Structure formats: structure tokens, C-alpha cells
Amino acid sequence: MLMDPKDPYPKHYANPPKPDNSKMEAELGHENCLAWAARNETGILSPYRFDRRSVGEDDISLKIKYCGVCFADVVWTRNKHGDSMYPLVPGHEIVGVVTATGSNVKGFKVGDHVGVGTYVNSCRNCEYCDDFIEVFCSKGATLTFNGIDSDGTVTKGGYSNFIVVHERYCYKIPDGYPLDKAAPLLCAGITVYSPMMRHRMNQPGKSLGVIGLGGLGHMAVKFGKAFGLKVTVFSTSESKKEEALNLLRADNFVISSDKQQMMSLTKSLDYIIDTASGDHPFDPYMSLLKIGGVLVLVGFPSEVRLLPISLNMGAKSISGSMTGGTKETQEMLNFCATNQVYPEIEVINIHYINEALERLIKRDVKYRFVIDIANSLN
């Protein structure tokens with residue numbers, strides 16, 4: 001396949017280049033884990049070495065094959081929340097192969113294909129952990145990167161060649177499911193799957209609206225179609241119409257700024273998944289819901305403002321959601337394998353990551369970057 005010198009890593013490359021890392025290795029030192037990290041608020045990533053903890057009795061160690069690129073990687077590498085701890089190794093859509101297990105580990109064995117998502121620990125004894133929704137742990141779930149690990153060190157994510165994680169927070173990737181496509185399920189996938197299941201959006205024949213068609217939005221469309229829903233995509237960009245209808249198989253596409261198109265769908269939707277993080281009005285969308293309809297917000301606009309009448313007239317509701325718990329995440333992975341639900345991805349080399357993050361900011365990705373760790377970080 002010919003490569004464009006301005007974009008040297010096309011969507012799927014069969015034989016990615018393997019850079020000579022001998023000089024880099026000599027300069028970095030001899031710590032046991034090779035990664036790419038941001039050193040400051042510029043967010044620029046470069047090679048970095050550090051020591052992972054030893055495998056504990058309840059841990060598994062996995063060689064990372066792929067890692068998805070989430071907008072959270074931009075947020076924390078550039079210290080948008082003011083709490084970034086540098087050097088910072090991002091990445092929380094991790095897929096790999098088990099290379100070692102602790103003495104107490106029963107659910108995994110060497111050679112298993114596994115995934116790690118947005119958190120790697122929790123208290124394991126509060127009401128939320130007891131219900132396997134550890135993401136809402138009363139004491140706070142430990143984030144996969146930029147959190148405090150069980151040994152007191154700062155967690156470092158999947159832009160690295162291996163990771164050690166307690167087995168509870170690891171997931172089996174079903175046999176035959178492509179590992180590169182599994183990566184985005186660990187954040188983008190579960191972020192929309194979880195509220196869809198909570199609000200019973202898996203009823204065939206019902207109608208779903210999806211606001212925004214990025215990494216999360218395209219997964220909401222795919223799940224909606226797999227559940228047998230009639231799916232309408234809302235976007236501000238006419239350029240997304242063809243892919244929404246032909247690639248993702250949505251039933252309808254609406255330009256959200258077109259008042260006539262919007263009014264034609266008044267009281268027609270059972271559910272709406274709102275993935276947009278930019279500021280936008282909510283009342284026009286609430287008017288599209290049927291009696292008792294629900295809008296679930298998974299994006300992060302700066303504010304949510306709507307008139308009380310948008311809720312009260314029609315007994316409608318608005319709900320928020322994050323990623324899911326461990327039990328639900330495994331169920332989602334199994335569902336995707338059974339129903340052949342695959343994210344749309346663009347596989348990249350780790351050496352392209354800084355350009356990829358800039359493209360992500362510009363929304364120039366269809367629809368999730370996935371880093372080929374195994375073939376470019378070694």
C-alpha cells in the first residue's frame with residue numbers, strides 16, 4: 001500500500017514500520033516498561049521508561065497489543081482539569097495477551113486475550129462495588145492513568161508495552177474478536193452501552209436519536225441497530241450524512257440546525273443518546289421525545305440548561321452516565337462478539353500519536369484511533 005508522506009500511517013497497514021530503538025533504549029535507561037509520556041502541559045508525547053510493580057497474588061500482567069485513543073488522553077496530557085501528574089502515560093482502552101498471573105488468579109491464564117478499561121482498582125467493599133458498578137465506588141475508582149495505584153505510585157496507562165492489573169478489572173476478549181477493534185469498546189463502547197441497558201434501550205422496534213457522530217456516537221448507532229431500534233442521527237455537519245446512512249446503517253439523518261427537519265420529528269423518539277461535548281441547546285431535543293422519553297447525556301458540555309416545561313410536559317427525563325461496571329463491561333464484550341458489532345477504527349503507529357491527538361481535537365478521525373503498540377513500541 002502506498003503511503004502519503006503527509007499521513008504516513010494509513011487506516012490499516014499490514015506491515016507497519018519498525019523503528020530502530022537501540023539508540024532510544026540507551027538514552028532512556030533500563031526500567032522495565034517502555035512507554036510514551038507527556039512531560040508537561042504542552043501534551044507532547046515522547047518515549048519514556050518507568051518501572052511497573054511486580055505481579056501480586058491477585059494480579060495479571062499483560063503484553064499490550066493495542067490501545068485506543070480517547071479524548072481523555074488529550075484532556076489529561078494537556079492538564080485541562082489542573083490535576084495532571086507528569087510524566088503522564090495516557091491510554092485506557094487497552095487490549096493484550098496475558099503473560100503472567102498471580103497465585104490467587106483463577107479467571108485468567110497465560111495466553112488469554114484480555115482488555116483493561118478506564119479504571120484498575122476500587123475499594124471492593126462498598127455498595128457499588130458489591131453491585132459490580134465499581135466505576136461509582138464510594139471511595140473513588142482508581143483511574144487507569146493519572147490515579148494512585150495500590151502501591152502508592154501514579155498509574156500509567158496503555159501507551160506502554162505492558163501493564164499489571166488486579167484480575168477483577170480485566171476482561172476476557174471473546175475468541176475470534178479482532179483485538180484492534182476490541183480496544184475502543186473498553187471506553188467508547190461501554191460508555192454508551194451502559195446507559196442503553198439501564199434505560200432499557202434494547203427493545204426492538206423502539207426509536208433512538210443519537211446526537212453527534214464521533215467515537216461514542218457511532219457506537220451508539222451500532223448498538224441501536226444491533227438492538228433492533230430505528231436510529232436517527234443528529235449532526236451539525238451535512239458531510240456525515242452518507243456515512244451515517246450507508247456505513248453505520250442509521251435509518252434517518254437530521255441536520256440539527258434545520259428547524260423544519262427537527263419539527264418533523266416532534267414526539268417521535270423513545271430515547272436520545274447525547275454524545276456532544278460542545279455547548280448546545282437541549283429544549284429542541286427534548287421536544288422530540290415521546291411521553292416518558294429519556295435523554296441520556298454522555299458528553300460534557302459546560303452546562304445543561306433547559307426549560308422545566310421540557311421535562312414536565314410529557315413526563316420526560318434527562319439522565320447522565322459514565323463508563324460501566326466490570327460485570328456489564330464483560331457482558332458488552334460478549335454481546336459485541338455474538339452480534340458482530342465492530343467499532344470503525346483507524347490503526348496508527350505510536351510514532352504518529354502527536355499528530356493523531358491534533359487530528360482528534362479537530363474531529364478528524366473516523367471514528368477511533370487505535371495504536372498498534374505491539375508493532376511500533378518494542
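Computed from the coordinates by the stated procedures, all read-outs in this text should not be read as laboratory data. A quick note: this is a predicted structure, and the numbers were derived from the prediction, not measured. Backbone-built Cβ (ideal geometry, glycine too); neighbour counts: all protein chains shown.
For region 53-167, the square roots of the Cα gyration tensor eigenvalues, ordered a ≥ b ≥ c, give a/c of at least 1.5 with a/b no greater than b/c, which places it in the oblate category. Expressed in units of 2.2 N^0.38 Å, where N is the residue count, the Cα radius of gyration of the chain is 1.00.
Which pairs in the list K241/K366; K80/K156; K63/K225; K65/K109; K181/K230; K181/K222 are over 22 Å apart, alpha-carbon to alpha-carbon? Cα-Cα > 22 Å for K63/K225; K181/K230; rest within. Compute the Cα gyration tensor for region 275-361, then decide on rounded, prolate or oblate, letting a ≥ b ≥ c be the square roots of its eigenvalues: rounded whenever a/c is under 1.5, prolate when a/b is larger than b/c in the other cases, and oblate in all that remain. It is oblate, given that a/c is not under 1.5 and a/b is not larger than b/c.
On a 0 to 90° scale, report how tilted helix 188-198 is relative to the longest principal axis of the chain, with both axes built from alpha carbons and the result rounded to the nearest 10. Around 50 degrees separate the two axes. Over the chain, dividing the summed -39,500 (n - 2.57) contributions of all DSSP H runs of at least 4 residues by the number of residues returns a 222 nm mean residue ellipticity of -6000 deg cm²/dmol. Rounded to the nearest 10 degrees, the inclination of helix 326-339 to the longest alpha-carbon principal axis of the chain is 80 degrees. Mean silhouette area of region 190-320, derived from the convex hull of its C-alpha atoms and averaged over all directions, reads 7.0 nm². Radius of gyration over Kirkwood radius for region 155-245, both on Cα atoms: the Rg/Rh ratio is 1.04. Among L307, L247, L143, L333, the ranking by other beta carbons within 10 Å of each residue's beta carbon, starting with the fewest, stands as L307, L247, L143, L333.
For the chain, the dipole from Cβ point charges (+1 on Lys and Arg, -1 on Asp and Glu) about the Cα centre works out to 840 debye, to the nearest 20.
Within a 10 angstrom radius of the beta carbon, how do T326, T99 rank from fewest other beta carbons to most? The partial results should precede the final answer.
Details: T326 19, T99 15.
Final ranking by Cβ density, sparse to dense: T99, T326.
Centre-to-centre, using Cα atoms only, region 297-327 and region 247-285 are separated by 15 Å. In a simple Cβ point-charge model (Lys, Arg +1; Asp, Glu -1; nothing else charged), region 190-320 has a dipole of about 480 debye relative to its Cα centre.
Summarising the amide proton neighbourhood of V231: residues at separation of 5 or more, or on other chains, whose placed amide H is nearer than 5 Å comprise L208, D251, N252.
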